[in-house]
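Here is the structure we will look at.
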Amino acid sequence: MTHTSSPSGAVTPGTTVTFTAGYDTAGLGGHVVDFSMLEWRWVPDSGADPVACTSVSGSSCSRPIAAAGTMFASAYVNGEHQEKSVHINLPVAPDSANKLLLKGDPRRVPAGGGLITFAAFPQRTTQNWGVTGWLFLPDSGAPRSSDGCPRASSLRTCTDSITQTGTMRVYGFVPTIPNDSADFRVYVGGSGLLTVTGPGTYNPAGELVTFTASASGAKSFAVTNWAFHADSAGAGSTTSCGTTETCTFLPSGAGYVVAAALVDGEEQVDSTHTTPEIIRLMVTASATLVDPGTAVTFTAAPKTPATVVISGWKFSPDSGAATAAVGCTSSSANFSCVEKIGRSGQMWTYGSVNTRPDSAYARVDVRSAASPPGCEPAPSCGGAGTTRVVIEQKTPGLIPPAETFYEPTAALSVKLVDAAGAAVPNVSVALVLKGVAGTGGHVHEGSNGEPRPDGALNHSTVNTGSTGVATVIYTANNVATDVLVTGTSASATSGTLTLKIGLNLVDITDVPAGAKARFDMIGGTPWHPVNHFGLHNMRASLYALSDAYQEVLLYFQKHPERAPSGRLPTRLGLNDVSLPTGGRFDLSRTWKQPHVSHRKGYDADLDVRRESSDDALARLITRLWVLEWKNAIKDERQSSNHYHLKMSDIHVVSPSR
């Protein structure tokens with residue numbers, strides 16, 4: 001028994017489809033068979049629709065299609081009851097941003113022709129897409145295919161000998177678009193080639209961005225159109241740039257800026273990709289050194305124009321508990337506030353920049369009552385005719401947190417100096433430590449009231465002795481933070497010194513020169529908003545991994561029959577690496593684990609998930625990171641839904657101090 005439909009596959013609503021039942025005598029030597037008692041039955045994919053046929057003619061049944069469903073035909077063939085079915089679909093509304101794209105290299109070959117390699121890829125997905133064929137459309141003559149780029153083929157890359165200027169077209173499918181295509185123009189002979197340039201990143205809430213179209217070596221050049229195709233669904237749009245050689249607009253997310261132009265009479269198209277940058281918050285103070293009780297105006301703003309929401313303010317003094325602010329309150333949503341400052345400390349603001357949680361602070365120092373105007377409090381501050389405490393770090397620089405690199409210690413000199421600057425012998429100085437709020441990447445205090453770790457001194461009270469200078473040894477905790485050391489002595493002005501506890505790490509979000517691929521940076525929280533810092537060579541290794549991963553994706557496009565099933569994202573997702581200056585990364589805000597590691601800048605969590613659909617991705621990352629580059633991986637997919645990457649000891653280069 002046979003069963004066919006016309007038209008078949010997906011149809012638009014209201015289309016009348018004719019179903020025809022019959023039989024095939026080929027297997028019976030052409031003998032006539034008995035075909036009787038034909039019945040039709042329509043079963044919609046959803047809902048009820050009891051009408052099978054609106055008209056019947058012989059062995060054919062016709063009906064208009066209002067919804068997707070299956071037509072069943074049953075009959076007796078040579079006395080045997082048989083049933084066949086045909087399913088009819090309705091097209092799904094296409095996702096305009098999820099289209100096939102096509103690139104070729106080189107874009108121009110010499111007169112006489114040359115080889116060009118083409119690669120098809122989807123704009124937003126790595127699953128449920130494919131290629132069905134290739135066709136070259138020369139500017140003159142008939143369309144053609146070749147052995148390298150066949151008309152019917154699932155090859156995702158192909159190489160063709162191009163002897164005429166024209167367009168290579170790839171046919172295929174992506175989710176929601178079962179019949180899609182993409183074009184790429186190539187050129188033979190000549191010298192002019194359209195090139196679109198512009199910033200790789202832009203401020204999504206700032207000034208308009210300018211992209212430029214040019215054609216070096218061209219005798220004539222005229223832009224015909226500009227367009228923007230966003231990576232995310234529903235964000236593609238044409239610009240209003242018209243036919244100018246520069247296009248200035250604000251893109252609606254990450255995507256391709258595309259220009260079309262006539263270059264020496266040829267129609268050419270080129271594009272460049274751009275993505276929004278991460279903008280940080282900042283706070284300024286109207287004065288940074290004031291007398292006690294002075295009103296200071298604090299203003300919050302992004303470092304570059306952006307959409308900012310302020311959710312509150314908080315003042316954190318260097319010593320003593322934080323007090324309720326009067327003008328700059330925790331519930332104030334104002335971008336500016338005024339507060340009377342009685343103690344040295346930091347004014348923090350909390351909010352978001354372009355919907356990303358962020359925080360920032362401005363520091364204000366308060367003069368001692370005995371200090372003259374203009375006396376600076378760093379490293380210490382005293383008044384004319386008085387003695388004052390001076391605390392200095394003998395070897396300036398960062399002090400490594402415990403359990404990272406080097407010894408977590410620093411030698412401090414402590415002395416009293418008189419008005420002439422001479423050291424005063426045989427006097428006692430009491431020393432107190434306090435962790436500075438909001439520093440080290442920790443925008444929080446202990447979630448259960450635990451104080452910010454401040455390390456320890458080998459002596460809390462010292463005597464300056466006969467030389468007038470005492471030495472104490474400071475030992476850091478494993479948390480990176482600023483620590484304020486305050487020294488007091490009878491009848492003297494107190495002195496302070498801020499110690500910087502941390503490692504010299506680099507920002508992983510700063511793409512190193514030569515790197516091609518990018519990460520999706522994930523995992524930031526309001527209390528740890530910046531979580532992608534690491535060693536120089538860790539950053540280089542991560543981007544090498546990302547570049548190698550992209551090369552593997554391209555290989556699978558060239559050899560789709562070897563591509564594994566499962567999730568292979570267009571970009572790797574990079575979760576926690578280290579805080580800006582390393583040290584303990586306390587996910588729970590208790591100054592303790594988790595994390596156990598992520599202190600030294602050579603650990604990173606990669607978005608490889610626990611579901612079996614990520615098994616192929618896990619094997620690929622293991623092959624690159626472990627087998628080829630001899631690093632280490634801890635499989636935390638089941639416990640934490642990620643892969644934990646660690647650089648092997650043989651590759652670690654300790655940070656500078």
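The values are calculated or read from the model by the stated rules, or taken from the named source; none is laboratory data. On a predicted model such as this, the values are computed, not experimentally measured, just so you know. Neighbour counts run over all protein chains shown; Cβ positions are idealised from the backbone, glycine included. Ligands, DNA and RNA are stripped out before the accessible areas are found, and what is left, the full protein with its side chains, is counted by its heavy atoms. Shrake-Rupley method; radii C 1.70, N 1.55, O 1.52, S 1.80 Å.
Considering only residues that are closer than 10 Å to Val223 by Cα and open to solvent by less than 30 Å² (accessible area, probe 1.4 Å), which ones fall in segment 242-263?
Ala259, Ala260, Ala261, Val263
Evaluating Arg151 against the criteria (1) outside any loop (DSSP other than H, G, I, E, B); (2) more than 30 Å from the chain's Cα centre (by Cα) leaves one unmet condition, (1). Looking across segment 151-171, the residues that are of a type outside the set (D, E, K, R) and open to solvent by less than 30 Å² (accessible area, probe 1.4 Å) come down to Ser153, Thr157, Cys158, Ile162, Thr165, Gly166, Thr167, Met168, Val170.
Within segment 61-89, count every residue that is open to solvent by 30 Å² or more (accessible area, probe 1.4 Å), within 17 Å of Ala21 (Cβ to Cβ) and assigned to a strand (DSSP E or B). Adding up the residues that qualify gives 9.
Table: residues versus (1) closer than 18 Å to His81 by Cβ; (2) modelled with pLDDT under 85; (3) under 48 Å from the mean Cα position of the chain (by Cα).
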position: Val11; (1), (2), (3): no, yes, yes
position: Gly14; (1), (2), (3): no, yes, yes
position: His31; (1), (2), (3): no, yes, no
position: Met37; (1), (2), (3): yes, yes, no
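Yes or no: Asp614 acidic (Asp, Glu), touching a helix residue (DSSP H, G or I) at 6+ places or on another chain (Cβ under 8 Å) and within 23 Å of Glu551 (Cβ to Cβ)? Yes: the conditions hold for Asp614. Taking the criterion of being among the β-branched types (Val, Ile, Thr) and in contact (Cβ under 8 Å) with a residue 24 or more places away in the chain, the residues of segment 582-629 that qualify are Thr590, Val608, Ile621.
Of all residues in segment 148-180, those satisfying the criterion of being polar (S, T, N, Q), at pLDDT 85 or above and under 20 Å from Asp105 (Cβ atoms) are Ser153, Thr159, Ser161, Thr163, Gln164, Thr165, Thr167.
Determine whether segment 647-654 contains at least one residue that is crowded, with 20+ Cβ neighbours inside 10 Å and in contact (Cβ under 8 Å) with a residue 24 or more places away in the chain. Yes, segment 647-654 has at least one match.
The residue list Asp454, Asp547 contains one member that is buried (at least 20 other Cβ atoms within 10 Å of the Cβ) and free of Cβ contacts under 8 Å to residues at least 40 places away in the same chain, which is Asp454. Summed over segment 631-657, residues that are under 21 Å from Gln550 (Cβ atoms) and either aromatic (Phe, Trp, Tyr) or in contact with a helix residue (DSSP H, G or I) (Cβ under 9 Å, 6 or more places away or on another chain) (or both) total 5. Among the numbered conditions (1) surrounded by 16 or more Cβ atoms within 10 Å (Cβ to Cβ); (2) of a type outside the set (Gly, Ala, Ser); (3) touching a Phe, Trp or Tyr at 6+ places or on another chain (Cβ under 7 Å), the only one that Asn575 does not meet is (3). Of all residues in segment 458-469, count the ones that are in contact (Cβ under 8 Å) with a residue 40 or more places away in the chain and open to solvent by 10 Å² or more (accessible area, probe 1.4 Å). So the count comes out to 5. Per the conditions (1) exposed (fewer than 14 other Cβ atoms within 10 Å of the Cβ); (2) under 21 Å from the mean Cα position of the chain (by Cα); (3) aliphatic (A, V, I, L, M), the sole criterion not satisfied by Ala618 is (1). Among the conditions (1) open to solvent by 20 Å² or more (accessible area, probe 1.4 Å); (2) within 16 Å of Gln393 (Cα to Cα), Ser447 misses just one, which is (2).
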